[in-house]
Ligand code: EPU
């Protein structure tokens, strides 16, 4: 298993290219199941999760061709995928595949919409909480699917196709909104989704579906209306930049100090996160190239933050913000409202010398004058990267174990940071 070694104390200077968003790429790849024509996706990040989803789609008979490198391309340019689900050979998504990546459960929507049936393993729990799929099932039922749970599998049937309906989510769910959008696009009649997730990745998927011939309006707001069509076609779509990767590197610069341009980043995707960083003392400005983040000399000010669905402060940046606050000049409070158990990073940050007290869904972080390097590990993606952020400012050496979590969602993390002067290297194991 690879590890990452970081020697703290270096400021970051330079440019970090921001990749395409993981959490848009995954549902976009799944949307390819809705059509027999080829869907071309540009700016796809090179991530372990993308490779894993290729294997999962392959099991349904989907052909994924990865475009070759073009002259003049840098290693950071996103890849182009040509995805063809001309013939779906299997409508079952088995446990051993779905359990490796929760988002793969979402194949249930295009499969039942196009094929009239799907049998998909329940994803089970994961490190950040129980993460049920009841709302995804409710959405499919509203569109006329018959649902049966058998042997750990959700079986969805719609012999005569899905039909439009009213879906009112009692809680904002990104995956629920993705699945409702995909299923309703091929349903007969009109579907209205109330309390839809407003995340930019939902809007990106809706934009792509519209290019494929879907008739979706209101995506990016809480009320989305979908006029079903009988068939979708191929399309070419560019994945939007990753706002969580953007926020993560912005916090890394705030932590280590320095001056970095986050190339291709879009401030409008991350206003709540950038506002918190500015409050903490980082200088943030939007430039033609992306977002510039600076912190020279000044200390980090403490903040009070509650995670919330978009446009609120994202849960996917909560761990990284906590790492930053470990060195604030005062006491911060961070409350996690989306996932009940997303504090796996706390004990590891404490190993680096952080002072954090947990009380239910809230963490109190008392800033310390310095962190000290230590061996650490984490059990999920965002928790792992928070340890990298802490290590950039810690005195001495930190060894981050179980790097495969990072590889699921951060493309060439150690290259991007070392190009800006961080002392970071991967040790193959
Ligand atoms: N929920 C239910 N029932 C459901 C579905 C969700 O109770 O049927 C609950 C969840 O347990 C959670 C809340 O609703 O408490 C929100 O969950 P949501 O469905 O929005 O999460 P998700 O779609 O499974 C996506 C991202 C996550 C991100 C969340 C919240 C992808 C592939 N995953 O998950 O990203 O944290 O939205 O923004 O898009 C990550 O990238 O590290 C990651 C975990």
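Classify segment 310-411 as rounded, prolate or oblate, taking a ≥ b ≥ c as the square roots of the eigenvalues of its Cα gyration tensor: rounded when a/c is under 1.5, otherwise prolate if a/b is larger than b/c and oblate if not. Working shown, then result.
Details: a/c = 1.73, a/b = 1.06, b/c = 1.62.
Judged from the Cα gyration tensor, segment 310-411 comes out oblate (a/c at least 1.5, b/c at or above a/b).
To the nearest 10 degrees, how steeply does helix 271-280 sit against the main Cα axis of the chain, on a 0 to 90 scale?
On a 0 to 90 degree scale, this one is about 10.
Percentage of Cα-Cα pair distances in the chain greater than 33 Å, rounded to whole percent? Before the final figure, lay out each step's value.
Working: 30433 of 91806 pairs.
For the chain, the fraction of Cα-Cα distances above 33 Å is 33 percent.
Given axes a ≥ b ≥ c from the Cα gyration tensor, I'd like to know whether segment 249-288 is rounded (a/c under 1.5), prolate (a/b larger than b/c) or oblate. Intermediate values should be presented prior to the final figure.
Numbers: a/c = 1.86, a/b = 1.17, b/c = 1.59.
Because a/c hits 1.5 or more and a/b fails to exceed b/c, segment 249-288 counts as oblate.
Take the alpha carbon gyration tensor of segment 1-108, find the square roots of its eigenvalues, order them as a ≥ b ≥ c, and report rounded if a/c is under 1.5; if not, report prolate when a/b exceeds b/c, else oblate.
Details: a/c = 2.80, a/b = 1.61, b/c = 1.74.
Taking the square roots of the gyration eigenvalues as a ≥ b ≥ c, segment 1-108 is oblate.
By what distance, in whole Å, do the Cα atoms of segment 227-338 stretch along each of the three principal axes, largest value first?
59, 34, 16
Counting residues in segment 139-278 as N, plug N into 2.2 N^0.38 Å and put the Cα Rg over that result. Could you put the intermediate results ahead of the total?
Values: Rg = 18.4 Å, N = 140, 2.2 N^0.38 = 14.4 Å.
Dividing the Cα radius of gyration by 2.2 N^0.38 Å gives 1.28.
Explain nothing, just the number: relative contact order of the chain, from Cα pairs under 8 Å at least 6 residues apart, as a whole percent. Don't jump to the answer; show the numbers that get you there.
Details: 1097 pairs, mean separation 90.5, N = 429.
That works out to 21 percent.
Show me the ranking of peptides 97-108, 364-375, 61-72, 138-149 by mean Cβ neighbours inside 10 Å, starting with the highest.
Values: 97-108: 22.3, 364-375: 16.7, 61-72: 12.6, 138-149: 19.2.
Final packing ranking: 97-108, 138-149, 364-375, 61-72.
Can you pull the three principal axis extents for the Cα set of segment 146-194, in Å, largest first?
Here the Cα extents, ordered largest to smallest, are 32, 27, 14 Å.
Nearest 5 percent is fine: what portion of the DSSP beta bridges confined to the chain is antiparallel?
Numbers: 57 of 82 bridges.
Beta bridges within the chain, antiparallel portion: roughly 70 percent.
Computed from the coordinates by the stated procedures, all read-outs in this text should not be read as laboratory data. Because the structure is a prediction, the values reported are computed rather than measured. As a convention, Cβ positions derive from the backbone with ideal geometry for all residues, glycine included, and neighbour counts pool all protein chains shown.
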